[in-house]
Amino acid sequence: MGAMNELIDVDVIRCLVTELETAAPGQRLAKTSSITSSDLEPLNLRARSDLVEAALLNDLPDDYYAVAAIFRRALAGPGFSGWSIWPVTEAVAALALSSDVPAAFDDGLSLLAELTPRLTSEFAIRRFLMADLDRALESVMTWTAHPDAAVRRLASEGTRPFLPWAIRVRSILDATACTVPILNALHEDESDYVRRSVANHLNDLSRQDPDLVVSLAAEWLRDPGRHTRSVVRHGLRTLIKRAHPGALALMGFSASALTVSTPSLESKQVQAPGKLEFAFDVTNDGPEPANIAVDYVIHFAKANGSLSDKVFKLAVRELAPGETTRFTKSHVFRPMTTRVHHAGTHALEAQVNGSRSGWTDFTLVL
């Protein structure tokens, strides 16, 4: 994560100051210029953006339209881009939403759309969504027909229920169907960049309302385009892992006659950091070809000695009648910010088309 933090460093801030002072001759950004490496060193990337945003708001006029004019002039040059744009978009949101001029709300959203090709405005847009969801979505919906793929993606990515690094928008979580028109407009977009966002948005929605997601995916698949099935498959990935019956059926992963062997381990003891290497066989015992979604489940030991399971994707295959396929994998145990490993007995299971089988214990040594 340290390398990510360095995406906003003193050099990036100096370039930002140069671009803005060039766009607004006579405007001095003293507070922003005074930010040092010592100020930044203990901060993560989000906190660094917040620090630069606060400095910009201190240096720039307390008038949305005056600042918007500076940012738009800066956009005329190619140097106004990269990670310095994140605090700029946040400053746009802060000034537009505090303005006494009602039209600043809509112009602020428009400016975010202009800035997003330089670096995504997906974080700043959340503040508009929180302030007035219906009004913000009205503008966002127009972006779905924008000629720039970055702006179309912003419509989907910025409104995701669980956008990483972003603040949660309670009104979106409470009204899960409110972003469906955006997804309907973009799921067959010509850009893979946009379609990936739609799939991730769909996957986010599945955490809140799985039945809505399955229903929406089924509607798309009734008249599929060239990319529909891949978008749906990626969007249903969490539901597939969780063995949601509707999601499994949509993807053709039926309860076929399958035999799954107990996973074999290269070693029953894993020294962390290190790898758990394993294999298991899947046989189609039925008379018809079988589509299979193959996952594996690790039951991690917790500090209190109980187990907590997590599903990992492995493969998707079609097996002919009577065919047996061996699946192999190396799962790496290493220090992670998202999971603390504990020594002790863990377990591994195979999961095929949502059904688990073949529990195998192993010991993790730290």
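The values are calculated or read from the model by the stated rules, or taken from the named source; none is laboratory data. Just so you know, these numbers come straight off a predicted model, no measurement behind them. Glycine also receives a Cβ, built like all others from the backbone with ideal geometry; neighbour counts cover every protein chain displayed. Surface accessibility is based on the protein's heavy atoms, side chains included, excluding ligands, DNA and RNA. Shrake-Rupley method; radii C 1.70, N 1.55, O 1.52, S 1.80 Å.
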Original post:
Taking the alpha carbon gyration tensor of segment 52-104, what are the square roots of 5 times its eigenvalues, largest first, to the nearest whole Å?
Top reply: 19, 13, 9
Subject >> Net +/- balance of residues flanking LEU248 in space, Cβ distance below 13 Å, scoring K and R +1, D and E -1 >> reply: +3
Subject >> Ranked by how many other beta carbons lie within 10 Å on average, peptides 160-168, 182-190 from highest >> reply: 182-190, 160-168
Original post:
Over the heavy atoms of LYS313, what accessible area does a 1.4 Å probe trace out, to the nearest 10 Å²?
Top reply: 90
**OP:** Report the accessible area of SER171, computed with a 1.4 Å probe over the heavy atoms of all protein chains in place, in Å² rounded to the nearest 10.
**Re:** 40
**OP:** Taking the Cα centre of segment 53-192 as origin, sum charge times position over the Cβ atoms of Lys and Arg (+1) and Asp and Glu (-1), and report the length of that vector in debye to the nearest 20.
**Re:** 240
Original post:
For CYS15 and ASP281 in one chain, what is 0.36 nm times their gap in residues minus the Cα-Cα distance, to one decimal in nm?
Top reply: 90.1 nm
Original post:
If you bin the C-alpha pair distances of the chain every 10 Å from 0, what whole percents do you get?
Top reply: 5, 20, 23, 22, 17, 10, 3, 0
Original post:
Okay, helix-only estimate at 222 nm for the chain: each DSSP H run of n ≥ 4 adds -39500 (n - 2.57), divide by all residues, round to 500 deg cm²/dmol; what do you get?
Top reply: -13000 deg cm²/dmol
Subject >> Computed magnitude of the charge dipole of the chain (debye, nearest 20; Cβ of K, R +1, Cβ of D, E -1) >> reply: 980
Subject >> Largest-first ellipsoid semi-axes for segment 22-132, taking √(5λ) over the Cα gyration tensor eigenvalues, angstrom >> reply: 21, 16, 14
Subject >> Cα Rg over Rh - segment 221-353, Kirkwood >> reply: 1.02
Subject >> Accessible area (Å², 1.4 Å probe, nearest 10) - ILE13 >> reply: 10
Original post:
What percent does the relative contact order of segment 33-149 come to when contacts are Cα pairs within less than 8 Å and at least six residues apart?
Top reply: 23
Original post:
Against the longest principal axis of the chain, how steep is helix 64-74, in degrees 0 to 90 to the nearest 10, with axes from Cα atoms?
Top reply: 80
Subject >> Probe 1.4 Å, all protein chains present, accessible-area order of SER308, SER215, largest first >> reply: SER215, SER308
Original post:
So what's the net charge close to VAL101: Lys and Arg +1, Asp and Glu -1, counting the other residues with Cβ under 12 Å from its Cβ?
Top reply: -4
Original post:
GNM, the chain, Cα, under 10 Å: largest mean-square fluctuation among LEU112, LEU248, LEU60?
Top reply: LEU60
**OP:** Rank SER81, ALA103, VAL92 by how far each Cα sits towards the positive end of the charge dipole of segment 36-192 (+1 on Lys, Arg Cβ; -1 on Asp, Glu Cβ) and give me just the farthest.
**Re:** SER81
**OP:** Using a 1.4 Å probe and counting only protein heavy atoms, arrange MET251, MET141 so the residue with the most accessible area comes first.
**Re:** MET141, MET251
Subject >> Accessible surface, 1.4 Å probe, highest first, among residues LYS31, LYS241, LYS329 >> reply: LYS31, LYS329, LYS241
**OP:** Just need the relative contact order of the chain here, percent rounded to a whole number, with Cα pairs under 8 Å and 6+ apart.
**Re:** 10
**OP:** Can you tell me the 0 to 90 degree angle between the C-alpha axis of helix 85-98 and the longest principal axis of the chain, rounded to 10?
**Re:** 70
